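The values are calculated or read from the model by the stated rules, or taken from the named source; none is laboratory data. If you're wondering where the values come from, they're calculated on a predicted model, not measured in any experiment. With ideal geometry, Cβ positions are generated from the backbone for all residues, glycine too; neighbour counts draw on all protein chains shown. Only protein heavy atoms, including side chains, enter the accessible area calculation; ligands, DNA and RNA are left aside. Shrake-Rupley method; radii C 1.70, N 1.55, O 1.52, S 1.80 Å.
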Amino acid sequence: MSKLIKKLLIVLTVFSLLGFITMFSVLWTYSNKLPDYKFLKNYKPPVSSKVYSGNGILISDFSAEKRIFIPFNAIPKKIINSFLSSEDKNFFKHPGVDAKGVLRAIKNNIFNLIRSNRLEGASTITQQVAKNFLLSNEVSLDRKIKEAILAFRIERALSKERILELYLNQIYLGEGSYGIASASLRYFNKPISELNYSESALLAALPKAPSKYNPYKNKELATYRRNLVLKNLYDNNYISKYKFEEFINSEIILEKRKRIFLEDTRYFVEEIRKKIIKEYGYDKVYKLGLNIKTPINLDFQNLAAASLRKGLLEYDKRKGWRGPLENRKQKNWNRNLEKFNLEKKIGWQIAIVKRIDKFETVIETSNKEKGIISFEDINWTRKNFDQIFKINDLIYVNKISDGVFSLRQLPNVNGGIVVMDPYSGRVLAMSGGFSFKKSEFNRASQAKRQPGSAFKPFIYALALENNYTPSSLILDAPIVLDQGDDLKMWKPENYGKKFYGLSTLRTGVEKSRNLMTVRISQRLGIDKIINFSKKLNIYENPDELMSVSLGSAETTLLNITTAYCSFVNGGKLVTPIIIDRIQDSQGNTISNNEKRFCENCDKISFKGDNLPKIKNNFKQIFSPQTAYQMTSILEGAIQRGTGKRLRDLNLQIAGKTGTTNNNTDTWFIGFTSNLVVGVYVGYDNPKKLGKYETGSKTALPIFKDFIKNAVNNYEARPFKIAKGIKMMVIDADTGKKADFGSKKTIIESYKKEKIENQAFISNYEYNLNILKKNILKFY
């Protein structure tokens, strides 16, 4: 008997030794191939960067994964208890691998194999952290061994609280949400601190299969899985029987977060995204949770986008109907319509033509709503129904009332609008086209086009800086210029091809006279003009041709709108600001674009009478007096010139239209005492807009629609008169001091030194002398 026992002991010893050697070999082999886990100690998961409007409303985010990081001490016990009950009830007891759980899983899986049921796992939360951070999702024994070894090591290196913090912030919970905080907002529109046990249990039910148990897709299955978690919570004594029964009988109430990720801000937000990626790199923007404060005014932004779309549609209607989207004869015509989708804010639907009558057309929308389009609604097409539609045509419609729809057409033309604070350069609103979904090309910041007459005010501002006055007389008559070798003689013309003789400088701007502008430019010299335009950041390197004076070089709407700010702010150069400040996830400021400062704030007592003095270091491009004179002249363009369609607003407005050769591009840049608004309209592939499609007809109505909804009389205060300006009543036609016989008078602004140097009474004769010299020089 003793011999048998000895043999058994020897066999057991050998097998134990072999088992030990085998286990040691496995551990040795896998230990050398394991990834480094030590970085988890200081690891911070990728967090999305947030973009906020000027009044602090979240409008967008930049993220590869939607995540909000929550430290362990801020995670409610309800969340922790729910996830432990669902995933790993022995988490605070095991060393990384739950031996009891493994044995239980082996036992259950024997029966699962016999019954062909799904096998269950025994992975602890620590093992899941190892898999999620360090390994792949490959289902294999090799991975499970690595996972177990790493779990032991992670437990030795990190606290249980840190492991749980990593897990709850990293785990994917469906609907594009990573981590509990993001999922809480996605499913319940609540912070995690406000969740009850029923809601917490639903989140804890999702890690097993986020898509399968998604309550938005399958509420019944999600309820079943949630109730299993609630049962575990009850079994683990986290909730009472009364609460358990209350929760399992409660309905899942979902509320998607009211995302103010406004579609109308997409052009602006994309401009911000490109700028910060260029400055800080993709990883920093998409993973480090920056807080980006912008100057966006959401009210202005919505109005700007709506006004731009309205103006583009009005122009497009004047060009008539171009045809349907396509024709579909199949029964399930409303599938695969994604390519036609527009922003929801536009409010259009896709419909199919079902019947065509003489005075109406019957349509059916993609969501099976039936209605009609009346004959009156298609007057703009200048055709009958049977000329524009065929049965099964797909079209855009806009619902007017129950059962009544209006025909819509995506405009071929496009444009941009920019709204700025002239004193700081902050961009308050920007839209770069009709639909961001259809084209991400930003016509406000990317489209380089000729500004045409919108550039002229800068020629006249330069003239005022060089001894001209608003009443200086300039000859409006034919002129032919030699542009240099290999270039044709240039013969500019006024719009309408008429000539008006002697006219004041003011008239040249108000009536947008080309020939007067060219004559002034000749006297100033092309070098001065080029340098002036560069200082204002309108042009980069324009050709040194006299045609530049009429806006023949290319610029962007944002650049020229920024330059117009100098007329309002006293001649100072501002740069367009689309980002106010950037802070890191800890609240530290890493970029601040505020250029103004308080000169005496440190000396002011709240009991005293002294007011803060806000200063800036903006570069002075031209004098405050010239800035006011140009503002006054551009006010005249609204009252008597090319912008007179704005007179009925009865607001203090100044501005200038712009139209290029062959009416290819049209502009209107206008301003009040605290806002500058620029509008551009044109085709992406430049072509004629139409014979009578000028800046005053296409771009100005967009400006008008925005201003009348965004500005009231109180906000459009009179423009501040610069120091050193003297006002006088003059004859508008001759520039002479007005007398009792003057038929047409205006109040003109003059620089005091000009009046002192040249007696005003002789201003007319003085101008005539200059004119005679110019005539002798050029003829």
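Checking each residue in region 682-720 for being closer than 13 Å to PHE671 by Cα, open to solvent by 10 Å² or more (accessible area, probe 1.4 Å) and touching a strand residue (DSSP E or B) at 6+ places or on another chain (Cβ under 9 Å) picks out LYS704, ALA710, PHE719. Listed here are the strands (runs of 3 or more DSSP E) enclosed by region 633-744 that have at least 2 residues being over 31 Å from the mean Cα position of the chain (by Cα): 725-731. Condition check: under 25 Å from SER48 (Cα atoms), open to solvent by 60 Å² or more (accessible area, probe 1.4 Å) and without any contact (Cβ under 8 Å) to a residue 12 or more places away in the chain. Does GLU194 satisfy that? Answer is yes for this residue.
Taking the criterion of being among the polar types (S, T, N, Q) and surrounded by 15 or more Cβ atoms within 10 Å (Cβ to Cβ), the residues of region 375-394 that qualify are THR381, ASN392. Only one entry in LYS399, LYS345 is under 26 Å from THR265 (Cβ atoms), open to solvent by 40 Å² or more (accessible area, probe 1.4 Å) and assigned to a helix (DSSP H, G or I), namely LYS345.
Considering (1) open to solvent by 50 Å² or more (accessible area, probe 1.4 Å); (2) not hydroxyl-bearing (Ser, Thr, Tyr); (3) not in a helix (DSSP H, G or I), the lone condition that LYS275 does not fulfil carries the number (3).
Within region 209-234, if we keep just the residues that are among the basic types (Lys, Arg) and not in a helix (DSSP H, G or I), the residue that is nearest to TYR187 (Cα to Cα) turns out to be LYS217.
For the structure I just gave you, tell me whether ALA151 is in a helix (DSSP H, G or I), at pLDDT 90 or above and in contact with a helix residue (DSSP H, G or I) (Cβ under 9 Å, 6 or more places away or on another chain). Here the answer is no, as ALA151 does not meet what is asked. For LYS284, state whether it is out of contact with any helix residue (DSSP H, G or I) (no Cβ under 8 Å at 6 or more places or on another chain), at pLDDT below 95 and either charged (D, E, K, R) or assigned to a helix (DSSP H, G or I) (or both). Spelling it out, LYS284 is indeed out of contact with any helix residue (DSSP H, G or I) (no Cβ under 8 Å at 6 or more places or on another chain), at pLDDT below 95 and either charged (D, E, K, R) or assigned to a helix (DSSP H, G or I) (or both). Could you say which residue among SER307, SER211, SER250 is small (Gly, Ala, Ser), closer than 30 Å to ILE80 by Cα and either open to solvent by 50 Å² or more (accessible area, probe 1.4 Å) or under 25 Å from the mean Cα position of the chain (by Cα) (or both)? Every option except SER211 fails the conditions.
Assess whether GLU544 counts as being surrounded by fewer than 18 Cβ atoms within 10 Å (Cβ to Cβ) and out of contact with any helix residue (DSSP H, G or I) (no Cβ under 9 Å at 6 or more places or on another chain). Answer is no for this residue. For region 281-301, give me the residue count where each residue is at negative phi and out of contact with any Ser or Thr (no Cβ under 9 Å at 6 or more places or on another chain). Residues flagged as at negative phi and out of contact with any Ser or Thr (no Cβ under 9 Å at 6 or more places or on another chain) within region 281-301 amount to 4. Checking each residue in region 589-607 for being open to solvent by 30 Å² or more (accessible area, probe 1.4 Å), over 24 Å from the mean Cα position of the chain (by Cα) and not charged (D, E, K, R) picks out PHE597, CYS598, CYS601, ILE604, SER605, PHE606. Scanning region 506-541 for residues that are acidic (Asp, Glu) and either part of a loop (DSSP other than H, G, I, E, B) or buried (at least 23 other Cβ atoms within 10 Å of the Cβ) (or both) returns GLU510, GLU540.
Condition check ((1) without any contact (Cβ under 8 Å) to a residue 24 or more places away in the chain; (2) crowded, with 23+ Cβ neighbours inside 10 Å; (3) assigned to a loop (DSSP other than H, G, I, E, B); (4) in contact with a strand residue (DSSP E or B) (Cβ under 7 Å, 6 or more places away or on another chain)) across all residues:
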position: SER406; (1), (2), (3), (4): no, no, no, yes
position: GLY415; (1), (2), (3), (4): no, yes, no, yes
position: GLY433; (1), (2), (3), (4): no, yes, yes, yes
position: PHE436; (1), (2), (3), (4): no, no, yes, no
position: PHE441; (1), (2), (3), (4): no, no, yes, no
position: PRO492; (1), (2), (3), (4): no, no, yes, no
position: PHE499; (1), (2), (3), (4): yes, no, yes, yes
